[in-house]
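Throughout, read-outs are computed from the coordinates displayed, never taken from laboratory work. The model shown is predicted, which means the values in this text are computed figures rather than measured ones. Here the Cβ is made from the backbone with ideal geometry for all residues, glycine too, and neighbour counts use every protein chain on show.
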Amino acid sequence: MDILHIHNESKGSFRAVAEDGRQAGEMTYTHAGPGKFIIDHTEVDPGFKGQGVGNKMLMAAVEYARQEHLKIMPLCPFAKSVFDKTPEIKDVLF
């Protein structure tokens, strides 16, 4: 499964694409001023539930934040729950 990062000046998303080309999920975000972005929504196609798709997209967001020296504000309930349970990614938490 590939995670594609699509972004422009103010918004972006991480899209999970299965090997057959189907979109397995999407996590959207909005830039919130310099140095941070808000993850506002995560959705996984029902056919891919339970396969770690959401976690893969979130880890791509964490890697992006680390590379760009950004902080993440997880307003999405899924993203917030993963941050609450995963101490090793709290370095990018806003």
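Legend: calculated FRET efficiency, Asp45 to Lys11, from the Cβ-Cβ distance at R0 = 35 Å, rounded to 0.05, equals 0.95. Cα convex hull, the chain: 88 Å³ per residue, rounded to a whole number. Considering only alpha-carbon pairs that sit under 8 angstrom and 6 or more positions apart, the relative contact order computed for the chain is 22 percent. Remark: spin-label model distance Met1-Asp91 equals 2.5 nm, labels positioned 7 Å along the Cα→Cβ axis. The helix-only estimate of mean residue ellipticity at 222 nm for the chain, built from DSSP H runs of length n ≥ 4 each weighted as -39500 (n - 2.57), is -8500 deg cm²/dmol after division by the residue total. In terms of other Cβ atoms within 10 Å, Glu43, Glu88 run from fewest to most in the order Glu88, Glu43.
Among Thr42, Thr86, Thr28, sorting on how many other beta-carbon atoms sit within 10 Å of each Cβ, with the fewest leading, yields Thr86, Thr28, Thr42. In the range 1-36, whose amide N lies under 16 Å from the spot 7 Å out along Cα-to-Cβ of His69? List them in ranges. Within reach of a label on His69, which here means backbone N under 16 Å from a point 7 Å along Cα→Cβ, the range 1-36 contributes 34-36.
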